[in-house]
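Here is the structure we will look at, set down as structure tokens.
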Amino acid sequence: MTQEIQRVGVVGCGLMGAGIAEVCARAGYMVVVREVNKDFLEAGMARINSSLDKAVARGKLPAASRDQARARIIGATDMGAFSGCDLIVEAAPENLALKRKIFAELDAVAPAYAILASNTSSLAVTEMAAATRRPAQVLGLHFMQPVPVMPLLEMVRTFLTGEEVFQRARAFGESLGKTIVVSKDTPGFIVNLLLIPYLLHAIEALEKGVATQEDFDTAIKLGLNHPMGPFTLLDFVGLDTALFIADAVFEETRDPRFAAPPLLRRMVSAGYLGKKSGRGFYEYGK
């Protein structure tokens, strides 16, 4: 059965989940966003409201559109709230066992026609599909952070994903104003397949004393016309996130390009995670 996508579910209301819920509501979809408890849900809804207010303050969104988007978002703590959703995007932490559990739960409560998608940046979507009775209706929709700003949507199509499901999901992504790229379900997909070795190589070069992080960043910004250099980007993404992706891909492929340098692992152990912790390769004010 083919169903027009009108109601979207989002599992998780952290940075990514809140952003996904926001862009869907701004595009005119009714949105159900679920968190594990009331406190997390309230924090996530506050994050959405703050982002919408900033968009209005910057002249990117009319106040009336902000109010309409807010009215389209429903918060929930029960998985059963997804029972009327046509497409559900999982945006939980990057833990495969957790994601498989969520997909099994979604499979039990979502309508038979619903598409189930994961926002994973590196984990095998096929593994999540295998936890359901509808593997042909599962794919990856990897949004970039911050979701309301970044124009790219990386679609991940497994060998099980049906053609009609893929086309519906693609049309949905385009309706959000996103530019679509398509990857098969391979470790790292497109973006992280290329990005992570570059970042790890920069850390290795820093360890060897080739140059300072400031000079690396300046060289990449001005020499390659990148918006930010590798160390600024690492701090923005989160050193723990970069390490997780590197380890996940290395574990599956044993590709030495994804072997994390000791400096990265030690910085994460010390709590130097980048902007979110106040210190990474650079220091940040409160």
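Quick look at the values:
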item: Selection status of A219, without any contact (Cβ under 8 Å) to a residue 12 or more places away in the chain, more than 21 Å from Q145 (Cβ to Cβ) and of a type in the set (A, V, I, L, M); result: yes
item: In the stretch 159-177, the residues that are in a loop (DSSP other than H, G, I, E, B) and either assigned by TED's automatic domain parsing to the domain that holds V249 or without any contact (Cβ under 8 Å) to a residue 60 or more places away in the chain (or both); result: F159, L160, T161, G162
item: Which listed residue is small (G, A, S), surrounded by 16 or more Cβ atoms within 10 Å (Cβ to Cβ) and closer than 26 Å to A27 by Cβ, from G188, G173; result: G173
item: The stretch 250-286: number of residues that are in contact with a Leu (Cβ under 8 Å, 6 or more places away or on another chain), under 19 Å from P93 (Cβ atoms) and part of a helix (DSSP H, G or I); result: 1
item: Residue in the stretch 19-39 that is surrounded by fewer than 23 Cβ atoms within 10 Å (Cβ to Cβ), free of Cβ contacts under 8 Å to residues at least 40 places away in the same chain and over 18 Å from K99 (Cα atoms) present; result: yes
item: Residues satisfying the stated conditions in the stretch 107-150, i.e. in a helix (DSSP H, G or I), surrounded by fewer than 24 Cβ atoms within 10 Å (Cβ to Cβ) and not acidic (D, E); result: A108, V109, T126, P135, A136
item: Given (1) surrounded by 13 or more Cβ atoms within 10 Å (Cβ to Cβ); (2) at pLDDT 95 or above; (3) not assigned by TED's automatic domain parsing to the domain that holds D240, index of the condition F216 fails; result: (3)
item: Filter result for K208 (in the same structural domain as L243 (by TED's automatic domain parsing), of a type in the set (K, R), loosely packed, with under 14 Cβ neighbours inside 10 Å and without any contact (Cβ under 8 Å) to a residue 24 or more places away in the chain); result: yes
item: Selected residue (criterion: farthest from L141 (Cα to Cα)) from residues of the stretch 30-53 that are touching a helix residue (DSSP H, G or I) at 6+ places or on another chain (Cβ under 8 Å) and either outside any helix (DSSP H, G or I) or among the acidic types (D, E) (or both); result: D53
item: Number of positions in the stretch 154-204 that are within 20 Å of R134 (Cβ to Cβ) and of a type in the set (A, V, I, L, M); result: 6
item: Selected residue (criterion: nearest to R168 (Cα to Cα)) from residues of the stretch 74-95 that are of a type in the set (V, I, T) and over 20 Å from the mean Cα position of the chain (by Cα); result: I74
item: Count of residues meeting criterion [of a type in the set (K, R), touching a residue at least 40 places away in the same chain (Cβ under 8 Å) and within 15 Å of I203 (Cα to Cα)] in the stretch 241-286; result: 1
item: Every residue from the stretch 135-150 that is within 13 Å of the chain's Cα centre (by Cα) and of a type outside the set (A, V, I, L, M, F, W, C); result: G140, H142, Q145, P146, P148
item: Filter result for V237 (at negative phi, modelled with pLDDT under 95 and not assigned by TED's automatic domain parsing to the domain that holds G17); result: yes
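For (1) touching a Leu at 6+ places or on another chain (Cβ under 8 Å); (2) on the phi < 0 side of the Ramachandran plot; (3) not assigned by TED's automatic domain parsing to the domain that holds Q137, each residue gets a yes or a no:
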{"residue": "V11", "(1), (2), (3)": "yes, yes, no"}
{"residue": "L15", "(1), (2), (3)": "no, yes, no"}
{"residue": "A18", "(1), (2), (3)": "no, yes, no"}
{"residue": "V23", "(1), (2), (3)": "yes, yes, no"}
{"residue": "G28", "(1), (2), (3)": "no, no, no"}
{"residue": "D39", "(1), (2), (3)": "no, yes, no"}
{"residue": "M45", "(1), (2), (3)": "no, yes, no"}
{"residue": "N49", "(1), (2), (3)": "no, yes, no"}
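The values are calculated or read from the model by the stated rules, or taken from the named source; none is laboratory data. Source: prediction; values computed, not measured. We place every Cβ from the backbone using ideal geometry, glycine too, and count neighbours over all the protein chains shown.
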